[in-house]
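A short worksheet on the structure shown next.
The values are calculated or read from the model by the stated rules, or taken from the named source; none is laboratory data. Every value quoted in this text rests on a predicted model; they were computed, and no experiment measured them. Note: ideal-geometry Cβ built from the backbone for every residue, glycine included; neighbour counts use all protein chains shown. SASA here: full protein model, heavy atoms, side chains in, ligands and nucleic acids out. Shrake-Rupley method; radii C 1.70, N 1.55, O 1.52, S 1.80 Å.
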Amino acid sequence: LIQDLGFPSSCSLLKLTPDGAFLLAAGTHKPQIRCFELGELSMKWSRHLNADAVQMQCLSSDYAKFAVLMVDRTLALHAKYGQHFSTRLAMAARDMAYDPFDATMWFVGPTNSLHALNLEEGRFVEPRPLNAMRDADGGGACLGISKQHGLLAAGRDDGLVDIFDPRTPPGGSAGPAALDVAPTVRAALLG
């Protein structure tokens, strides 16, 4: 029912804004982002990107501020008027999560560490190691931040989840905790 909710090739990513009023969609073959106003069931705007989007993250309750992680290792920060800033990341990230408590964007990828960019200060923060509880190869696959207590969870390729408190300094006394969720997920999938 939403007008123009199509892309020339495909839609690779959908993200609902926290207020539930707008839908951000990323498409491929001429990479672009479209914003749809759900109350009006129509497209509000469309923007072209330099590369395909891997992930999007809303930084405000509506579409006024959001970040786009792209396949060329670029993070682009957008505002209502268009792209505000972009920077190149040290690694090809797979997922990102925004910590509103200290305005930090966290990234996870094929490396054994979490990388972060403090958006308030405009500088990269010292990376946090993954796999601190045991030696394992592979990196992180997904990230999430709890809105209740601010803990950062990183899902790893080997089925473990590392949980950090981003307020503690790297290498501090409160190291990561690890949960092995792979057997539970396998059991749930197999019935």
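Listed values, structure above:
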| quantity | calculated |
| --- | --- |
| Leu130, sole failed condition from (1) open to solvent by less than 20 Å² (accessible area, probe 1.4 Å); (2) in contact with a Gly (Cβ under 9 Å, 6 or more places away or on another chain); (3) modelled with pLDDT of 85 or more | (3) |
| Any hit, region 91-101, residues being under 12 Å from the mean Cα position of the chain (by Cα), open to solvent by 30 Å² or more (accessible area, probe 1.4 Å), within 19 Å of Glu121 (Cβ to Cβ) and of a type outside the set (Phe, Trp, Tyr) | no |
| His78 open to solvent by 70 Å² or more (accessible area, probe 1.4 Å) and either within 30 Å of Gln3 (Cβ to Cβ) or of a type in the set (Gly, Ala, Ser) (or both) | no |
| Subset of region 28-38 that is modelled with pLDDT of 90 or more and out of contact with any Asp or Glu (no Cβ under 6 Å at 6 or more places or on another chain) - its residue that is farthest from Ser60 (Cα to Cα) | Gln32 |
| Unmet criterion (only one of (1) of a type in the set (D, E, K, R); (2) modelled with pLDDT under 90; (3) open to solvent by 30 Å² or more (accessible area, probe 1.4 Å); (4) in contact with a strand residue (DSSP E or B) (Cβ under 9 Å, 6 or more places away or on another chain)) for Lys147 | (4) |
| Residue list for region 16-55, restricted to those being surrounded by fewer than 19 Cβ atoms within 10 Å (Cβ to Cβ) and in a strand (DSSP E or B) | Leu16, Thr28, Gln32, Glu37, Ser42, Met43, Lys44, Trp45, Ser46, Arg47, His48 |
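Residue-wise test of (1) of a type in the set (Ser, Thr, Tyr); (2) closer than 28 Å to Asp158 by Cα.
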site: Leu38; (1), (2): no, no
site: Asp52; (1), (2): no, yes
site: Ser60; (1), (2): yes, no
site: Ala64; (1), (2): no, no
site: Thr74; (1), (2): yes, yes
site: Gln83; (1), (2): no, no
